[in-house]
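Enquirer: The structure is given below, and queries will be raised subsequently.
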Amino acid sequence: MFEALGWEAWLTLGVIIAMLTALMKGIGRPEMILFGSLAPLLLTGVLTPEQAFSGLSNSAVLAVGALFIVAAGVQNTGALSFFDRLIFPQSRRLPLVSLRMMATTAAMSAFLNNTPIVAMLIPRVRLWCENHNVSPSKLMIPLSYATIVGGMTTLIGTSTNLLVAGLMEQAGYEGLGLFDLAWIGGPAALATILYFAVFGHRLLPTRIEPGGAADEGMHQYLFEFEVPPEAPLVGKTIEEAGLRSLGEAYLAHIIRNKEVIPSSPEMVIRERDLLAFRGSPALLDSLLERQGLRPVVESMESGGHMTLPIYEAVIAPTSRLVGSTLVDVDFREEYQGVVLGIYRQDESIDKSIGRVVLRAGDLLLIEARKGFDTRWNQNRDEFYLVAPRRPEKIRPQRGKAPLALGILVAVIAFAAAGVASIVTTAFIGAIAMILTRCLRGRDARAAVDVPVLLVIAAALGLSKAIEGSGLAAAIAMLLTEHASVFGTIGVLAAVYVATSILTELITNNAAAALMLGIGLKSAESVGAPPEAFAIAVAIAASASFLTPIGYQTNMMVMAAGGYRFGDFFRAGIVVNLIVAITAITMISLFLL
């Protein structure tokens, strides 16, 4: 079958392999890698400019952009906090709390962007756990997974569903309706929620001791202090200086003339030594009060240290910080903040803070001026989550909360009733949010996640190359040839599994774009309804549970729950099986 392929198909396959390699290695931002992949296809004529950039005018891209603004309007008015009483009952029984939290969160995620929901709920879940003597690690993974499965239930639940609908229309098929996925995604979401409520919560680790403050086990940061000349500590041993017994913290090592020296009680402190401590943020406050120690970095406030708010920020895989040091990127100047501490799960850092090569998922403790969290939470390609260490009591525009909810309900209702397409209702809803002052114009601009839109637009162009070159048909024939022995359901399962594996390696939108054409050709080969295979691709592309880097909400809860990388695999493998079996079963019952 591959022997009959022309050079266009082979070039497209080579470009896709190179793109997948670049995405898996993280050598650049996803949107740049995908758009870069269009270049050789344009230069060789495999794609015309109209085909390559058709995604920029696709209704899926416009709908996703408008829905970002609608979701931001709902969040800005504090409307989501109305669900607090539904999520957190007075009872401390973990099965009941898990059930209510996941069901309510999944329901919200069916109509709103996952990221603001998780960002809003992390501190609330953490507080409930602290008040009820429950480890946050028992609820943080369920929180993330609930938003993922909730997004599978409606067309607007995730950008991936809208992308699949747009690709179907682009291929000449009828698109998906607002609730066409509900019969498949709904049972999968319900099965996942029941699993965690009945049994799954027992398998989640206790990474933070129940009742322990969030600042303790979860946040063993690395801090650095310098010993200035003529400080009273100079000439004393670590034990004599009182730096040996610090409660929950300890002196990890000393950096002297760029040499890392392990700490020992009898070691004599010299001037200009850098003392690297490990402990909770509470340690920072106590060390600043010690005479003879000063922070290595200068405060953002000229009047002194620690006079500004302190924020915790999780580095995103697409951030410029990944693979660089704080010195390389000139963090103070570029981000208008000072990094006071670094936390990395499962690994000890034995370098100076400024020389640590940063990774996705690292948690930074940052001193910055007020508004740092608002500014960077609107730029998800740098940080997944920025939260104040001691959150202030913020009073949102509660008077406009009913109005914002009303606009959201109208967007959903008019689209569901067929009065207008989802792109039309979402666009009008976005305009209404701005005109009614539920959201300011500048906040609306910041709410649009441009990298996500660019990924979708570029993926739409690549899908045209996969389809037009004949590559989709060849791969579909290969799948059907080996899986058709199990009938149509076997071919459907093969497409689902291939998409599921791909989405763990690259972005979910890219996985959906690459696999939909193959899925549609597979459906054509076995005489199955195209929407059955399209929905299978949409569900599988969103089912990213195995790694913390597979989905941004997983990365957001990793530090909050004190998880290790393997915790997601152990919890996610069962959820992946539950969702796959449920989805394939429901598709075979209702659509095949």
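Enquirer: Tell me, what is the per residue accessible area of the chain in Å², probe radius 1.4 Å?
Expert: That works out to 41 Å² per residue.
Enquirer: What is the dipole size for the chain, taken about its Cα centre, with +1 at each Lys and Arg Cβ and -1 at each Asp and Glu Cβ, in debye to the nearest 20?
Expert: 1380
Enquirer: Just the number, please: carbon plus sulfur as a percent of the accessible area of the range 391-510, 1.4 Å probe, no ligands or DNA/RNA counted.
Expert: Carbon plus sulfur share of accessible area: 69 percent.
Enquirer: Could you work out the local net charge near Gly461, counting Lys and Arg as +1, Asp and Glu as -1, over the other residues with Cβ closer than 13 Å to its Cβ?
Expert: Once all neighbours under 13 Å are counted, the net charge is -2.
Enquirer: Given the Cα-Cα distance of Lys236 and Thr44 and 0.36 nm per residue of separation, how much length would full extension add, in nm?
Expert: The Lys236-Thr44 span can extend by a further 62.0 nm.
Enquirer: Dividing the convex hull volume of the Cα atoms of the chain by its residue count, what figure in Å³ per residue is obtained?
Expert: Residue-normalised Cα hull volume stands at 161 Å³.
Enquirer: If one takes the longest principal axis of the Cα atoms in the chain, at what angle in degrees, from 0 to 90 and to the nearest 10, does the Cα axis of helix 401-416 lie?
Expert: 20
Enquirer: Which angle from 0 to 90°, rounded to the nearest 10, does the C-alpha axis of helix 508-526 make with the longest principal axis of the chain?
Expert: It is inclined by approximately 20 degrees.
Enquirer: Can you tally the lysine pairs in the chain where the Cα-Cα distance is under 30 Å and the two residues are eight or more apart, or on different chains?
Expert: 11
Enquirer: Also: Would you mind telling me the share, in percent, of accessible area of the range 44-180 contributed by carbon and sulfur at probe 1.4 angstrom?
Expert: 57
Enquirer: Share of the range 537-592's accessible area from carbon and sulfur, percent, 1.4 Å?
Expert: Of the solvent-accessible surface of the range 537-592, carbon and sulfur hold 74 percent.
The values are calculated or read from the model by the stated rules, or taken from the named source; none is laboratory data. It should be emphasised that the depicted structure is a prediction, and the values quoted were computed from it without experimental measurement. FYI the Cβ positions are ideal-geometry reconstructions off the backbone, even for glycines, and counts take in every protein chain you see. Keep in mind that these areas ignore ligands, DNA and RNA; they rest on the heavy atoms of the full protein, side chains included. Shrake-Rupley method; radii C 1.70, N 1.55, O 1.52, S 1.80 Å.
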